[in-house]
């Protein structure tokens, strides 16, 4: 759904669109704490949790396919029709459908009919490095996010209330991201959130367990990780070319689910030393935060379309060559 939404909205609305998706996730965290506090029977609790997903059955037919994806697949008429309907719905001037259909078909006829797979993310050297870096970013964000969430029982206070507050804390993080993401850029904010979040975890590991100070530091870590986790959705969607964008988001999400599955096992390491899990979370976040500085900035850049576009996207653009905000990179007109 995120991939489709990011391809439908214009460049100026991508930030708000992507962050809003994550805001709904924070509401879900709060609902988990709320229902867990109210419903004591664990069987009924699982039924209530699952019932929320049933709401998705009633709106699937309202969602159009991504025009950008349809265009890349040679389904020109469908793509133009969806855009035309959107323009009319928003009160804009009707588009010249015949012109765009003929133009699209001419371009499609000259292009090779080719299918793409997850292997295309790793075939070429530059795209391969970006793919591995982004996968680690997803892995790190999910590991620390769920690690802090599942560790609420060791913090001072009611665990349900602590989990609820952790959901609440995410909201100002998303608001801050929306305000500064189009000013500071994706790379700078993602790296900063990961580095500060990792540092907070490291400090929390060496403060008295169960103290108010530890709880406060963990809240800071959750605030930062929630922000970087939200941004990586936007960042990934803007960095990968249309032909494999959905695949790239799927691979990133898979890495996130893998680390989420590993998180409960890592927390068991506290039987050796209570600091081990938190130090591991901190280390992964800090390493990923540093490597994020090597990724290209996507702010105000047109989304790549083909694999060749993806391979050459942001060439030579890192924090160390164009500055943290990518200010030294020439801005391309956003379509």
_Calculated FRET value between residue 13 and residue 42, using beta carbons and R₀ = 45 Å, to 0.05_ = 0.65
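By how many nm would the segment from residue 321 to residue 61 lengthen if fully extended, with 0.36 nm per residue of separation less the alpha-carbon distance?
Working it through step by step, the gained length comes to 89.0 nm.
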*Among 43, 251, 83, determine the one that fluctuates most according to a GNM of the chain built with springs between C-alpha atoms less than 10 Å apart.*
43
*How much length is gained if the chain between residue 115 and residue 150 is pulled fully straight, taking 0.36 nm per residue apart and subtracting their Cα-Cα distance, in nm to one decimal?*
8.5 nm
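Determine the equivalent ellipsoid of region 64-109 by diagonalising the alpha-carbon gyration tensor, then write out the semi-axes as square roots of 5 times the eigenvalues, largest first, rounded to whole Å.
On the way: eigenvalues 70, 31, 6 Å².
In descending order, the three semi-axes are 19, 12, 5 Å.
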*asked:* Modelling each spin label as a point 7 Å along the Cα-to-Cβ direction, I'd like the residue 90/residue 77 distance in nm, to one decimal.
replied: 2.5 nm
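Give me 297, 238 ranked fewest to most by other Cβ atoms within 10 Å of their Cβ, as a rough exposure proxy.
Ordered from fewest to most neighbouring Cβ atoms within 10 Å, 297, 238 come out as 238, 297.
I need the calculated FRET efficiency for the pair residue 269 and residue 213, taking r as the beta carbon distance and R₀ as 25 Å, to the nearest 0.05.
Details: r = 23 Å, r/R0 = 0.91.
The formula returns an efficiency of 0.65 here.
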*With springs only between Cα atoms under 10 Å, which of 34, 223, 272 fluctuates most in a Gaussian network model of the chain?*
272
*What ranking do 229, 139 get, fewest neighbouring Cβ atoms within 10 angstrom at the top?*
139, 229
*So how far apart, in nm, are the two label points at residue 49 and residue 35 if each is 7 Å from Cα heading toward Cβ?*
0.8 nm
*Taking the simple approach of a point 7 Å from Cα along Cα-to-Cβ for both residue 128 and residue 254, what is their distance in nm?*
1.8 nm
*In whole Å, what are the Cα extents of region 119-312 along the three principal axes, biggest one first?*
52, 35, 25
_Only counting other Cβ atoms within 10 Å, I'd like 255, 201 sorted with the fewest neighbours first._
255, 201
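For the chain, what D do you get in µm² per second when you plug the Kirkwood radius from alpha-carbon pairs into Stokes-Einstein at 20 °C and 1.002 mPa s? The partial results should precede the final answer.
On the way: Rh = 21.5 Å.
Using the Kirkwood radius from Cα pairs, D works out to 100 µm²/s.
None of the figures in this text is laboratory data; all of them are computed from the coordinates on show. Predicted model, so just to flag it, every value in this text is computed and none were measured. Every residue, glycine among them, receives a Cβ derived from its backbone with ideal geometry; neighbour counts consider all protein chains shown.
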